[in-house]
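All of the numbers you see were taken from the coordinates with simple rules; none came from a lab. No experiment lies behind these values; they were computed from the predicted model shown. Cβ coordinates were reconstructed from backbone atoms using ideal geometry, including for glycine residues, and neighbour counts include every protein chain displayed.
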Amino acid sequence: MKVKCGRRGRRPRPACQRRDSAATVRRMADLPARVLAAIREHRLLAPGESVLVAVSGGCDSMVLLDVLHRHAGPEKWRLAVAHFNHQLRGRASDADEALAARTARRLGVPFHAGRGPVRLHARKRGLSLEMAARELRHQFLAATARAIGVAKIALAHHADDQVETFFLRVLRGSGGEGLAGMKWLSPSPADPVRQLIRPLLAETRASLVAYAAAAGIEFREDASNRRLDTPRNILRGRVLPVLRRLVQPALEVTVPRLMMLIGDEADFAAGAARRWLASRRRTAFARLHPAVQRQVIQMQLRELGAEPGFELVERLRREPDRPTMTPGGLRVWRDETGRLQAGEAPKLEFAPQRRAVELTSPRGECEFAGLRLAWQVSRRRVGAPVHMAARSGRECLDADLVGNRILLRHWQAGDRFQPLGLAQAAKLQDLFTNAKVPRAERHQRVVAVTERGAIFWVEGLRPGEQVRLTSGSRRVLEWYWERLGVTSGPQPEA
């Protein structure tokens, strides 16, 4: 993309605009120097080192390749380009690959291409398309780096990506390590031996776009980035522009600063936890700061190969000598000294209990396997919303599609279920895994089955797609549930 200027007959711009324009040009010209300074400051690449540059064909990665290539001669870096074709946009994806290959060839840089069935991978693993694409892409990059003997993989993440990542992780309830965001240098999730470097992390998206225009860098726009169908795109297209306009115009400055502070504090707590674990004469666990207690437990859980989720960590931190199950089925407890003890859980068996329930009455209730269930059937009012708002412990389903007789039971081998919003049925085991349901709890979850044998509801998951309310639904089944002894959501009227 080249910028034309100095057209004849154009009215001269005011001096202030000329000064602003000159400052912008200088800042764009300084971008390669700033990136090189960041590489040196954070020790991302040493002189003479090899690096595999991940190039999608978009603006960010094409600028990254351009800047690294500009410095490759003086720094004696050996570059290679890797492009992963996600096969999600047909000819557009192929055109992205062609641009990356053409640019690598023009620069005289080795080019490596890969592709993978992202949609199929997403279905098999129960992942979103975004997460499935990320997983396959990192596997390809790590495999390529291994094959050509390169230890560093350069990614084009920038300051705007950091802001989006921060808000996404805030909404997911991440801890200090997660809120610290992406690091300048970190191990590859597909191969810890390979290091990911992010030389553009201090640059804004606007600065990269302006540099690409000034330098005449060709790139391709991914139209899917403008669709508001993923959390990141919603943040990028709707939420963050409002925050910048009405609250804080300098999010790219304030948020990375906050992430740095949070990350440093998390590192401090982690260091204190490591020293406590290595010490022979320790402060009593109960006297440690809660942040250090959590780190102590998280580190020990990781050593045991267990995922340190918030609820698990808090149970172990607050309740010594009380055994609890990890998502991997390991029985663990914390003694008074702060050390975790572990033992294999008893073998889990599929529970045989089952109970038939008639839904012929307008309302009713029953108990099954520690779960209290209640229902209410009513005519759907004309003009009533198709998707009645779900609340904790309550769902609204199509009563006619559910039928008058159902069976309550537990998860059985081979069960398949299609939750609301999923394109097709998946193995219930995979759905439990994706929902992070602890292995020890899966056999206790209650399943509701229609008379035809189709699962329409699973405790803790979204209701079945096949029984959702539509504009053609005539009767509504309000379905309520609660674990006995646990505060429940609203119940049907008496």
### Query
Per-residue ellipticity at 222 nm for the chain, helices alone: DSSP H runs ≥ 4 residues times -39500 (n - 2.57), over residue total, nearest 500 deg cm²/dmol?
-12500 deg cm²/dmol
### Message
Sort Arg78, Arg43 by Cβ crowding within 10 Å, fewest neighbours at the top.
### Response
Arg43, Arg78
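In the chain, what percentage of the DSSP-assigned beta bridges are antiparallel, given to the nearest 5?
Values: 48 of 64 bridges.
Within the chain, antiparallel bridges account for around 75 percent of the total.
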### Query
Any idea what angle helix 159-172 forms with the longest principal axis of the chain, computed on alpha-carbon atoms, 0 to 90 degrees, nearest 10?
10
### Sequence-distant residues sharing a close amide H with Gly460 (under 5 Å, placed H)
none
### Query
Which of rounded, prolate, oblate describes region 257-344, given a ≥ b ≥ c as roots of the alpha-carbon gyration tensor eigenvalues and a/c under 1.5 marking rounded, otherwise prolate only if a/b is larger than b/c?
oblate
#### Entry: Convex hull per residue volume in Å³, alpha carbons only, for region 420-476
103
#### Entry: Pairs of lysines in the chain (C-alpha under 27 Å apart; 8 or more residues apart or interchain)
10
### Task
Please say if region 354-483 is rounded, prolate or oblate, where rounded means a/c under 1.5 for a ≥ b ≥ c the square roots of the C-alpha gyration tensor eigenvalues, and otherwise the choice is prolate for a/b larger than b/c and oblate otherwise?
prolate
### For Cα extents along the principal axes in Å, calculated from these coordinates, the label among [x] 102, 64, 39; [y] 65, 52, 35; [z] 83, 69, 46
[z]
### Task
Indicate the gyration tensor shape class of region 15-247 (rounded, prolate or oblate), computed on the Cα atoms with a ≥ b ≥ c the square roots of the eigenvalues: a/c under 1.5 is rounded; otherwise a/b larger than b/c is prolate and the rest oblate.
rounded
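Order by neighbour count: Trp77, Trp479, fewest other Cβ atoms within 10 Å first, most last.
Ranking Trp77, Trp479 by Cβ neighbours within 10 Å, fewest first, gives Trp77, Trp479.
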### Check: the chain dipole with +1 on Lys, Arg Cβ and -1 on Asp, Glu Cβ, in debye
1520
### Debye, to nearest 20: dipole size of region 354-483, +1 on Lys, Arg Cβ, -1 on Asp, Glu Cβ
80
## Note on the structure
For the chain, longest principal axis from Cα atoms; helix 251-278 axis from its Cα atoms; angle between them, nearest 10 degrees, is 70
## Note on the structure
If unit charges are put on Cβ atoms (+1 for Lys and Arg, -1 for Asp and Glu) and the dipole of the chain is taken about its Cα centre, the option from Ser473, Leu31, Pro249 lying farthest towards the positive end turns out to be Leu31
### Query
Going by how many other beta carbons lie within 10 Å of each one, how would you line up Thr165, Thr324, Thr360, fewest first?
Thr360, Thr324, Thr165
### Task
Before anything else, pin down the relative contact order of the chain: Cα pairs under 8 Å, at least 6 apart, normalised by residue count, whole percent.
11
### Message
Using only Cα atoms and rounding to the nearest 10 degrees, what angle (0 to 90) does helix 205-215 make with the longest principal axis of the chain?
### Response
30
